[in-house]
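Notes follow once the structure below has been shown.
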Amino acid sequence: MQDKPKYAFSVSVKTAYLQNQSSPEENQYAFSYTVTISNIGGMAGQLISRHWIITDANNHVEEVKGLGVVGAQPLLFPEQQYEYTSGTLLETPIGSMRGTYKIVAEDGTLFDAVIESFTLAVPKLLN
């Protein structure tokens, strides 16, 4: 059996189009995203900051950096999860987000939890 890494967080994301908060005629498309952060390593770590890169279909890029997530800096022990929901507004009906969370382990080591690129899209637009 392989030892688990000391510093390892995984991130999964589910998205939703918010039709009631969108105004396509004004090029405003609202999306929510629910993020689940899991400590899959062997040491506790605290999420201290976020860095998002948001890109719309016109290749307009917005970077968002800040402390914590939705006002929290969760401390996760091994095998614990933290889930939150937030949102973003795009000027196009499709776009993507990716980024990183900066984590500080209980021994003081800093590392990044990578948020792989995911798509934000109005339903039925891609099929």
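For the range 80-91, the count of residues that are surrounded by fewer than 15 Cβ atoms within 10 Å (Cβ to Cβ), in a strand (DSSP E or B), touching a strand residue (DSSP E or B) at 6+ places or on another chain (Cβ under 7 Å) and small (G, A, S) is nonzero.
Of all residues in the range 101-127, those satisfying the criterion of being hydrophobic (A, V, I, L, M, F, W, C), more than 23 Å from E25 (Cβ to Cβ) and in contact (Cβ under 8 Å) with a residue 60 or more places away in the chain are I103, A105, F111, A113, V114, I115, F118.
When the test is whether a residue is modelled with pLDDT of 95 or more, surrounded by 16 or more Cβ atoms within 10 Å (Cβ to Cβ) and either part of a strand (DSSP E or B) or in contact with a helix residue (DSSP H, G or I) (Cβ under 9 Å, 6 or more places away or on another chain) (or both), T100 passes it.
Here V70 clears all of (1) under 21 Å from P5 (Cβ atoms); (2) free of Cβ contacts under 8 Å to residues at least 24 places away in the same chain; (3) hydrophobic (A, V, I, L, M, F, W, C) except the condition numbered (1).
Scanning the range 77-100 turns up at least one residue that is among the hydrophobic types (A, V, I, L, M, F, W, C), closer than 23 Å to K6 by Cβ and in contact (Cβ under 8 Å) with a residue 24 or more places away in the chain. For the range 22-33, the criterion of being out of contact with any Leu (no Cβ under 8 Å at 6 or more places or on another chain) and among the hydrophobic types (A, V, I, L, M, F, W, C) is met by no residue.
The values are calculated or read from the model by the stated rules, or taken from the named source; none is laboratory data. Please read these numbers as outputs of a predicted model, since none were measured by experiment. Positions of Cβ are backbone-derived with ideal geometry, glycine not excepted, and every protein chain shown enters the neighbour counts.
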